[in-house]
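The values are calculated or read from the model by the stated rules, or taken from the named source; none is laboratory data. Treat the numbers as computed from the prediction; the structure is a model and nothing was measured. No Cβ is skipped: glycine too gets one built from the backbone with ideal geometry, and neighbour counts run over all protein chains shown.
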């Protein structure tokens, strides 16, 4: 028996070009195509805004899919389901008949299903002598097969856009935190710069951050904040570096001194790396004019986030928490207790913990953490070491890495 597929809806519902386009696409379905109906439904759910479906419409689509016994839909299969309104309402977690009809119309308008209405508008299937279905009237799910790749592409685009929006908001949050703390440091330390101007520029940008907006708007705000971040960071870095002009000469003098075969060497994990540790410490020379106040804990954690993983509670809120994490980091880095104790006595517990955090952050670049710490301790005893240049360098590296990622 030849099967006839209806093309127009029953009753007063009008025919639209969108319905005709969906039916034309259904006729052109690849007979060899096979899709997993629940995978396609997941893609439709991710891309529901782009498709135009509502939450209630998706609940009804989920119910319609459950009425078909097969999980894998084939292009040559009969994909018409014919549940009654009562059955649909039950499987869609309950809704009024008017709401059901309204959201069924949404599914049809979105091209997710096709109406196959009977002469009297009822949904049923006519079976042949052997019990096989000869003609079914209800909702045709063929668009699930025809548009499966389209729905997948839309879902991937939506997920990518959502991730980009999240990253843009994270960039804004990180820049705002860094800028506020660096400006506060500049003002508290009386570093010569237009800090009020920086503060006004920051407030101007922060005041334009929308509560909800497209991702492009957040990207633009993030770009402005990063430009201001770089300007403020360069101001602090220039102040620190302006007092390090003799660093190269000091390095040369130490290199000659360390070349003396009779000089004492550091024995830490069986290696003498004093020359390398001294070379890495050369940038911290001539620090007599650097700020005397300790670095704010927030800036230390921004520059050295890896130390947080060593905290017992998983977070660092006070200097005491940082010192506890540094004690753990000392053992992790292979630094002897005597070396760390000496650093605490010379630098103070706060600065020693900050140095451990910085070494932990650049662990892969330091071959002998113990030798490096003893070298810095010696320089601190001579009044030639400050943690400021070390932390500023880590902040600069963090910004450069963030730019590469974005």
Checklist (1) part of a loop (DSSP other than H, G, I, E, B); (2) within 36 Å of the chain's Cα centre (by Cα) applied to residue 122, failing item: (2)
Condition first: assigned to a helix (DSSP H, G or I), in contact (Cβ under 8 Å) with a residue 60 or more places away in the chain and crowded, with 19+ Cβ neighbours inside 10 Å. Now tell me which residues in region 133-180 satisfy that. 142, 143, 144, 145, 146, 148, 151, 154, 155, 171, 178
Looking for whichever is assigned to a loop (DSSP other than H, G, I, E, B), within 16 Å of residue 378 (Cα to Cα) and at pLDDT below 60 here; the options are 264, 260. Which one fits? 264
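Okay, residues lined up against (1) closer than 23 Å to residue 183 by Cβ; (2) modelled with pLDDT under 90:
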site: 283; (1), (2): no, yes
site: 286; (1), (2): no, yes
site: 293; (1), (2): yes, yes
site: 303; (1), (2): yes, yes
site: 312; (1), (2): no, yes
site: 317; (1), (2): yes, yes
site: 331; (1), (2): no, yes
site: 342; (1), (2): no, no
site: 346; (1), (2): no, no
Could you check how many residues of region 187-205 are modelled with pLDDT of 85 or more and buried (at least 16 other Cβ atoms within 10 Å of the Cβ)? 6
Is it the case that residue 389 is more than 23 Å from residue 240 (Cα to Cα) and in contact with a helix residue (DSSP H, G or I) (Cβ under 6 Å, 6 or more places away or on another chain)? no
Per-region count, region 81-90, residues surrounded by 16 or more Cβ atoms within 10 Å (Cβ to Cβ) and assigned to a helix (DSSP H, G or I): 2
Looking at residue 388 and the list (1) buried (at least 18 other Cβ atoms within 10 Å of the Cβ); (2) within 19 Å of residue 330 (Cβ to Cβ), which single condition is not satisfied? (2)
Counting only helices (runs of 4 or more DSSP H) wholly inside region 37-80, the ones holding at least 3 residues that are touching a helix residue (DSSP H, G or I) at 6+ places or on another chain (Cβ under 8 Å) and touching a residue at least 60 places away in the same chain (Cβ under 8 Å) are 37-46, 48-51
